[in-house]
Amino acid sequence: MHINVHFGIGLIIASVTHYFIQLNIFTFSFIVLCGFILDFDIIFKKYAKDHNHRMLISHSIYPSLIIIIIGIILNEIWVLMGGIAYFCHILIDLIDWGTNFFYNNKIFGLRLLLTPEERIDLSHVLEDKNNRQFFFVQRYYSSKLMIILEILIGISMFIAVFVFVINYWYFIFGYVFFFGFHLSEYIGLKNRKMGKKSRIPLINH
């Protein structure tokens, strides 16, 4: 899923946690950060198989388990919830393209955006950089399920913030920023398909 979705889920978890235990700006931010920070492992995608950042250990179940265990040992709820936010990121990524869940060099998950044939072999997509960019962005935005999930999570995030943690309402700007980034990516794709020159860069997923 897109990073704005993960940000939204992290914000929902932090907001609900704040309702039960008072979080300061640091502990609240930690939970939100755990919800999306692992997507920045795309910086290290050149070290991953097929340059797929979801093959890195950061997109496996183990980092979240470590954070959860640390939270239990320290008896710190905010650390525990950060681990859960991280774990939720991994779980939801199983829906679209899947992840290297067990860090065994195999993609695991529902992978609903791929056909049965594509789940077996994506080499025809991965070889060409431009084709790779078009494929992932277009397939995502062509999925009604992905759009519905984005809408539901976005609405749930706004409700959670204004019901449980209105004093941290400004965190919503983070969601807006990441949503805008992916929307710009999509516009860049549409422009390139129409043969227009676009200055908006696309990213490899």
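For this structure, a couple of remarks:
- Verdict on Leu38 being open to solvent by less than 60 Å² (accessible area, probe 1.4 Å), hydrophobic (A, V, I, L, M, F, W, C) and either in contact with a strand residue (DSSP E or B) (Cβ under 7 Å, 6 or more places away or on another chain) or over 24 Å from His2 (Cβ atoms) (or both): no
- Residue ID - least open to solvent (accessible area, probe 1.4 Å), chosen from residues in the range 109-121 that are over 16 Å from Leu145 (Cβ atoms) and over 21 Å from the mean Cα position of the chain (by Cα): Glu118
- Near pairs, Cβ below 9 angstrom, 6+ apart or cross-chain, from the range 49-69 (farther than 25 Å from Thr27 by Cα) to any residue that is open to solvent by 40 Å² or more (accessible area, probe 1.4 Å) and among the small types (Gly, Ala, Ser): Asp50/Ser123
- Any hit, the range 84-97, residues being part of a helix (DSSP H, G or I), modelled with pLDDT of 95 or more, open to solvent by less than 10 Å² (accessible area, probe 1.4 Å) and farther than 20 Å from Phe178 by Cα: no
- On the stretch given as the range 62-79, residues that are closer than 22 Å to Asn104 by Cα and surrounded by fewer than 18 Cβ atoms within 10 Å (Cβ to Cβ) total 4.
- Qualifying residues in the range 191-205 (those that are open to solvent by 80 Å² or more (accessible area, probe 1.4 Å) and in contact with a helix residue (DSSP H, G or I) (Cβ under 9 Å, 6 or more places away or on another chain)) - the one modelled with the highest pLDDT: Arg192
- Residue list for the range 141-185, restricted to those being under 12 Å from Asn4 (Cβ atoms) and either aromatic (Phe, Trp, Tyr) or in contact with a strand residue (DSSP E or B) (Cβ under 8 Å, 6 or more places away or on another chain) (or both): Phe173, Tyr175, Phe177, Phe178, Phe179, Phe181
- Every residue from the range 21-55 that is outside any loop (DSSP other than H, G, I, E, B), at pLDDT 95 or above and either more than 18 Å from the chain's Cα centre (by Cα) or over 22 Å from Ile92 (Cβ atoms) (or both): Ile25, Phe26, Thr27, Phe28
- Count of the range 122-155 residues which are open to solvent by less than 60 Å² (accessible area, probe 1.4 Å), assigned to a loop (DSSP other than H, G, I, E, B) and either modelled with pLDDT under 90 or more than 19 Å from Ser184 (Cα to Cα) (or both): 1
The values are calculated or read from the model by the stated rules, or taken from the named source; none is laboratory data. Owing to the predicted nature of the structure, the values given are computational and were not obtained by experimental measurement. A quick note on method: Cβ atoms are made from the backbone with ideal geometry, for glycine too, and the neighbour counts reach across all protein chains shown. Heavy atoms of the whole protein, side chains included, go into the accessibility calculation; ligands, DNA and RNA do not. Shrake-Rupley method; radii C 1.70, N 1.55, O 1.52, S 1.80 Å.
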